[in-house]
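Take a look at the structure below.
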Amino acid sequence: AQSVTQLDSQVPVFEEAPVELRCNYSSSVSVYLFWYVQYPNQGLQLLLKYLSGSTLVKGINGFEAEFNKSQTSFHLRKPSVHISDTAEYFCAVKVIGGNKLVFGAGTILRVKS
Amino acid sequence: NAGVTQTPKFQVLKTGQSMTLQCAQDMNHEYMSWYRQDPGMGLRLIHYSVGAGITDQGEVPNGYNVSRSTTEDFPLRLLSAAPSQTSVYFCASSTPRTGPNTEAFFGQGTRLTVV
């Protein structure tokens, strides 16, 4: 079975500072990796995904993530955050060829002015 | 393109009442799923369907039923609501299992309170 651990439940950061949201996964088979964002009172929106190829993946809104197979990690980064980035971020995995998405517990990013 | 549509957005139920959460998608996706979101627990899979007429249980199926009579619709039924079912419910539909377009699309959610 697959599992996802998001190491921080909340990350406070000042506007224009860099941020990293950490995600580790466990799986005995190859997986696809995803980051979703949930703004207050809304559904989930795909930020980026890693399927294969280059381990550095760029997504929407200036976010990027790096897949590290040896450390089974897929950390999300942004060099300079904005107030509008305040949201909850979810890391998720899916077995290649499968359907089920397995989510982490989420990390709430709070951007302060 | 509407994507995934969930109704209602908000609902308050009394313990023991029943209700159906509706979910419809217009993207012709075969795979659909229901999740519940609780603070600090992420999204947990309740039930899923790989096509019309085929459903299966996810991680937390107790207290919920589903059916899939058409590709478009995947309703979730609470037969006898309990306070433990107070949560935010999300429906999702997914593109093919592999390939560059693989992605799950989510509805806006249904916030359910059971009193």
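Only the coordinates and a few stated rules stand behind these numbers; no lab work does. Just so we're clear, the structure is a prediction, and the values are computed from it rather than from any experiment. Please note: Cβ atoms are built from the backbone with ideal geometry, for glycine as well, and neighbour counts cover all protein chains shown.
An ellipsoid equivalent to chain B, defined through the eigenvalues of its Cα gyration tensor, has semi-axes of 24, 14, 13 Å when rounded to whole angstrom and sorted largest first.
Label zone of A:Gln10 (point 7 Å out along Cα→Cβ, amide N under 12 Å): in the stretch A:95-113 this covers A:108-111.
Which longest uninterrupted range of chain B lacks any trypsin sites (Lys or Arg not before Pro) assigned by DSSP to a loop state (not H, G, I, E or B) and surrounded by at most 11 other Cβ atoms within 10 Å? It runs B:15-115. With K and R counted +1 and D and E -1, the other residues having a Cβ less than 14 Å from that of A:Lys112 yield a net charge of -2.
Quote the relative contact order of chain B in percent (integer), defining contacts as alpha-carbon pairs under 8 Å separated by 6+ residues. Reported as a whole number, the value is 35 percent.
Evaluate the Debye formula for chain A with equal point scatterers sitting on the alpha carbons, no solvent, and hand back log10 of I(q)/I(0) at q = 0.17 Å⁻¹, in q order, two decimals. After summing over all Cα pairs, the log10 values are -0.76.
Among the lysines of the protein assembly as shown, pairs at least eight places apart or on separate chains and with Cα atoms under 29 Å apart come to 20. The convex hull around the C-alpha trace of the protein assembly as shown, projected and averaged over every direction, spans 12.4 square nanometres. Applying 1/(1 + (r/R0)^6) with r as the Cβ-Cβ distance of A:Asn68 and B:Gln17 and R0 = 41 angstrom yields a FRET efficiency of 0.25.
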